[in-house]
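The structure appears below as structure tokens.
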Amino acid sequence: MLGLGKKDTLLLLLVTALTLCAPFLLNPFPVNGGLAQFNAGYPDLMQRFVIFGIFAIGFNILFGLTGYLSFGHAAFLGAGSYAAVWMFKLLSMNVLPAILLSVVIAGIFALMIGYISLRRSGIYFSILTLAFAQMSFALAYSVLTPITNGETGLQVTLSDPRILGVTANADGSIPVTHLFGIEMRATEVLRMGAWEFQFSAGYYLCAVMMLLAFYLAIRIFRSPFGMMLRAVKSNQQRLYYTGVNARPYTLAAFVISGMYAGLAGGLLAAMDPLAGAERMQWTASGEVVLMTILGGAGTLIGPVLGAGVIKYFENIFSKLNENVLHGWFAFLPDGIEDVLVAVIYPFVGKGWHLTLGLMFMAVVIFLPGGLVEGGQRITRLFRRGRSPEAQRRRTPAE
Amino acid sequence: MGILEVKDVNKRFGGLQALGDVNLSVAENSVHAIIGPNGAGKSTLLNCLVGKLIPDTGSVMFAGQSVLGRKPYQINQMGISRVFQTPEIFGDLTVFENMMIPLFAKRDGAFRLHAFEGVAAERDLTEEARRMLDEVDMLDKGDAHAGSLSRGDKRRLEMAMCLIQRPRLLLLDEPTAGMARADTNNTIALLRTIKEKRDITMCIIEHDMHVVFSLADRITVLAQGTPLVEDTPENIKGHPKVKEAYLGEAA
């Protein structure tokens, strides 16, 4: 279907089903129950899941296939956000032109940075991209204030021209982002007994974009172009002596992944029309590296999983404070309760980075192929004994 | 005029004269061996032919065109393939994919952004890859990771990857270095069949006299960066200058 093999079609259908049903799947707990704080099915977080999924899918096209580890991809995300907000300020609050421009700007930006950085490989390439991203961050923060609005960040205001839209609503408020009239923040709430599910227009726009991005990534992975990129990672010397110039291939991969980052940045701005320099900072670049490796670099679904896990930790685990813990263990005698809370507390709330770090270490050491490899091992465990042939034949990473 | 003409090539590394006035003519459809003791400049010469090094003076012509100043991938596109001393293959890819890459390089040139067609949809090319794998007896290993092959299989795969591009000149850099006797003999047999089946010129750099005398039509002996003699294997065998260069005997 759609030019994909059977396994890839199944994977795409599975991801489509999961993304479209996410408002149900991520809200498994009743609203007023004790576990409600583990619900992740609110629009803001779901949008983040898919937007950073797009970012990681794109990053994986560069890192997973060619092995070139960029430490500066947040620069393209930031550039995309700025481009989108400028579109909201100057043209209209419709998200489509904004997203288009953010992809184009990020692509041009990636072409320039990639052209220079790809003169080196390995750690030197990583350092060059990091340097460019930090330069962009510093410039956005200070010198380029007329364009980026410096520390405050770029926002839509009541004095923007918005040629095709309105400068201000009739009631004097700032217009909101929309897609041909459908407001991005519009949310339908469905109540079923003790459960509550939220369907947001913004989330579904992001979800459709992610599915398109995912589909494109599958096509690239299975194409001759994708095979050449894997050959770059495997043996550049042989590739040159086989008559292939690796440079334009890596540059194309770099630009494509930069455009993915731009799309993610544009969507972030479309959901919430502001852009700040901190989106370009090196921690943001490092985050997408973590997502990709955690999920499984070079696999199709891995980066999306990694993005989901990290964003879940960042938004859910970080909200567990001391009071919540005391509430959980209240049934225990006071002494034991205090000890348990004291032991667990460093790992949650503000300490969620510690849990994430430990998990990342465990994955890198025990599952070098990321969460995807973990899934494959479990599947193989279940299949053991049933068909020895399937067990011996190691399925390629999905 | 040979297909490969090397004229007055000099290459100096600091104070060391690696190649001095090398002249070499490789006739089309012949097997030409270059032998010589360690440090004779064999590898330097080969690197000058494939674009890895640029000679200080002189010219290297392939089929009437100069190769000097061209990049390795451009020289490959002219019709020169190279087999390395240790097999250079794409270890993370399957054997079958290893065969597809040279085919795409041959058809599409040094770069083409073909990101939307599937590899499997290229029926002509996949069929050609399968035929070549069959020819080197590796069809059953098509789905294996190339990195997990035995050394002998890696060598055969590398040769198949070079041959599938139908090069006019195949350069072999010590193709049997570090091989056991049985593997060496297999490689010789493989090269012989290649030679019989197609029109191809081979230039072999080799240490192992057994290999050289079983395959070569012409032999050039290199010593201290200069060609000593060039002759047929029969005449080289008893040549006093060769004995001197190899064994240090006074002629």
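The values are calculated or read from the model by the stated rules, or taken from the named source; none is laboratory data. This structure is a prediction, so every number in the text was calculated from the model and none was measured. So basically every Cβ, Gly included, is an ideal-geometry build from the backbone, and we count neighbours across all protein chains shown. Keep in mind that these areas ignore ligands, DNA and RNA; they rest on the heavy atoms of the full protein, side chains included. Shrake-Rupley method; radii C 1.70, N 1.55, O 1.52, S 1.80 Å.
When segment A:329-372 is limited to residues that are more than 28 Å from the chain's Cα centre (by Cα) and part of a loop (DSSP other than H, G, I, E, B), the one that is nearest to A:Thr299 (Cα to Cα) turns out to be A:Phe329. Within segment A:244-255, is there a residue that is away from chain B (no Cβ under 14 Å), touching a residue at least 60 places away in the same chain (Cβ under 8 Å), under 18 Å from the mean Cα position of the chain (by Cα) and not in a loop (DSSP other than H, G, I, E, B)? So far as segment A:244-255 goes, no, none of its residues is away from chain B (no Cβ under 14 Å), touching a residue at least 60 places away in the same chain (Cβ under 8 Å), under 18 Å from the mean Cα position of the chain (by Cα) and not in a loop (DSSP other than H, G, I, E, B).
For (1) at the interface with another protein chain (Cβ under 9 Å from one of its Cβ atoms); (2) touching a residue at least 60 places away in the same chain (Cβ under 8 Å); (3) β-branched (Val, Ile, Thr), each residue gets a yes or a no:
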site: B:Leu68; (1), (2), (3): no, no, no
site: B:Asn76; (1), (2), (3): yes, yes, no
site: B:Gly91; (1), (2), (3): yes, no, no
site: B:Met100; (1), (2), (3): yes, no, no
site: B:Lys106; (1), (2), (3): yes, yes, no
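Find the residue count for segment B:170-187, including only residues that are within 13 Å of chain A (Cβ to nearest Cβ) and of a type in the set (A, V, I, L, M).
3
Scan segment B:54-74 and give yes if some residue there is closer than 13 Å to A:Tyr241 by Cβ, at pLDDT 90 or above and among the β-branched types (Val, Ile, Thr), otherwise no. No, segment B:54-74 contains no residue that is closer than 13 Å to A:Tyr241 by Cβ, at pLDDT 90 or above and among the β-branched types (Val, Ile, Thr). Confirm whether A:Leu179 is surrounded by fewer than 21 Cβ atoms within 10 Å (Cβ to Cβ), within 14 Å of chain B (Cβ to nearest Cβ) and among the hydrophobic types (A, V, I, L, M, F, W, C). Here the answer is no, as A:Leu179 does not meet what is asked. For segment A:190-213, does any single residue satisfy the condition of being within 14 Å of another protein chain (Cβ to nearest Cβ), assigned to a helix (DSSP H, G or I) and on the phi < 0 side of the Ramachandran plot? Yes. Residues in segment B:139-169 that are within 16 Å of the chain's Cα centre (by Cα) and open to solvent by 20 Å² or more (accessible area, probe 1.4 Å): B:Lys154, B:Arg156, B:Arg166, B:Arg168. Of the strands (runs of 3 or more DSSP E) lying entirely inside segment B:170-235, the ones with 3 or more residues being open to solvent by 50 Å² or more (accessible area, probe 1.4 Å) are found at B:226-231.
Tell me whether segment A:257-268 contains one or more residues that are closer than 16 Å to A:Gly64 by Cβ and at the interface with chain B (Cβ under 9 Å from one of its Cβ atoms). No: zero hits. Among the residues of segment A:1-18, those that are under 19 Å from B:Phe116 (Cα atoms), surrounded by 15 or more Cβ atoms within 10 Å (Cβ to Cβ) and more than 12 Å from every other protein chain (Cβ to nearest Cβ) comprise A:Leu11, A:Leu12.
Just give me the residues in segment A:253-274 being open to solvent by 10 Å² or more (accessible area, probe 1.4 Å) and within 18 Å of A:Leu118 (Cα to Cα), in sequence order. Steps first, please.
Residues of segment A:253-274 that are open to solvent by 10 Å² or more (accessible area, probe 1.4 Å), as a first pass: A:255-256, A:259-260, A:263, A:268, A:271-274.
A:Val255, A:Ile256, A:Met259 - these are the residues of segment A:253-274 that are open to solvent by 10 Å² or more (accessible area, probe 1.4 Å) and within 18 Å of A:Leu118 (Cα to Cα).
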